[in-house]
1. Translational diffusion coefficient of segment 164-309 at 4 °C, 1.567 mPa s, Stokes-Einstein with Kirkwood Rh over Cα pairs, in µm²/s as a whole number.
2. Would you mind checking the tilt of helix 12-23 against the longest principal axis of the Cα atoms of the chain, expressed as 0 to 90 degrees and rounded to 10?
3. Where is the GNM fluctuation largest for the chain (alpha-carbon springs, 10 angstrom cutoff): LYS180, LYS135, LYS103?
4. Across all directions of projection, what mean area in square nanometres is found for the Cα convex hull of segment 229-276?
5. What do you get for Rg/Rh over the chain if you use C-alpha atoms and the Kirkwood form of Rh?
6. Size of segment 115-168 along its principal axes in angstrom, Cα-based, largest extent first?
7. Report, for the chain, the % of DSSP beta bridges that are antiparallel, rounded to 5.
8. Of LEU152, LEU138, GLN175, whose Cα points farthest to the positive end of the dipole of segment 109-185 (charges on the beta-carbon: +1 Lys, Arg; -1 Asp, Glu; origin at the Cα centre)?
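Values in this text are rule-based calculations from the coordinates and carry no lab data. None of these values were measured; they are calculated from a predicted model. Every residue, glycine as well, gets a Cβ built from its backbone with ideal geometry; the counts of neighbours run over all protein chains shown.
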Amino acid sequence: MKTAVVFGATGGMGNALVEALVKRGISVIAVARSEHVLLEKQKSWGALAIPMVGDAVNPEDVRKAVKNADLVFHSINIPYQHWDPNLMIILSHILEACRIENKPFIYVDNIYSYGIQDRKTTESAPKNPHTKKGKLRLKLLEQIEQSGVRYLIAHFPDFYGPNAGNTLLHFTFQQMLKKKTVFYVGNTSIQREFIYIKDGAEALVELSLREEAFGQSWNIPGAGTISGKEIAKIAGDYLKKEIRIMPIYKWMIQLVGLFDPFMKEYAEMMYLNEKPVILDGSKYEKAIGPVPRTPYEIGIRETLKQMKS
């Protein structure tokens, strides 16, 4: 039986990866910094998930986890204001452990390194990020590709779904449960792409179990695109109330950023709400098969249901 290690196991994607791996009968070393949160999560993960308290900033913790794994998943994310230099430090430690132990590395990435794109984005699209965060993500990708470690990189659109906190839609869903007038980051009429986090985890686990998938980057798209107004309609139907959705504009983010370090850093990413990057998943479909795609109507309802409980 294979054993996987998931760094960032209590985060949104990390939690979904543990669930997807356990569902396939794969033992999981679930690594996170909080013992309390790990033990709470394990109640739903089951016996195949082995909690390990560890910090990826500590190379000894990383090496200990990687040593006993057949697959190494890096799904750690941290607040924007702490990205530099911590993302590079964490990645370096995990890559070095994978190099020493000769273990395959699977990396959860976003779309920032693609920069502004004029058409549906394939893996071969030129990467020319214009933001500080996009340039940093590109440096991380280059480090992976040059590491000599057997790697697999997966690009995802913004996540949403059960246990997917600290996301744009989670912010809006929280308000929907309490109010009839809610805020949505960006133009409420523009079509954007989101991915149901369980779909993303299922697709990535499938890739990780195929030798031919390594040494490449893969786009994993969502179930098409959707506008803020359409999200509000689905949520309103489920919650049995009319929801009025109001846009949050860039100048508003910048104003809040005068007092909030996270929002200050987020302001430069507002281009994604004006000219969204839409991923092309045809490479995955040709090599693997259909990308898991939970319809937004189901995904949004399942998310709200979990948040209500």
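1. Working: Rh = 16.7 Å.
Stokes-Einstein gives a translational diffusion coefficient of 77 µm²/s.
2. 60 degrees
3. Maximum among the listed residues: LYS180.
4. So the Cα hull casts an average projection of 4.2 nm².
5. Here Rg/Rh amounts to 0.95.
6. 35, 30, 22
7. Around 5 percent antiparallel, to the nearest 5.
8. Toward the positive end, the furthest listed residue is GLN175.
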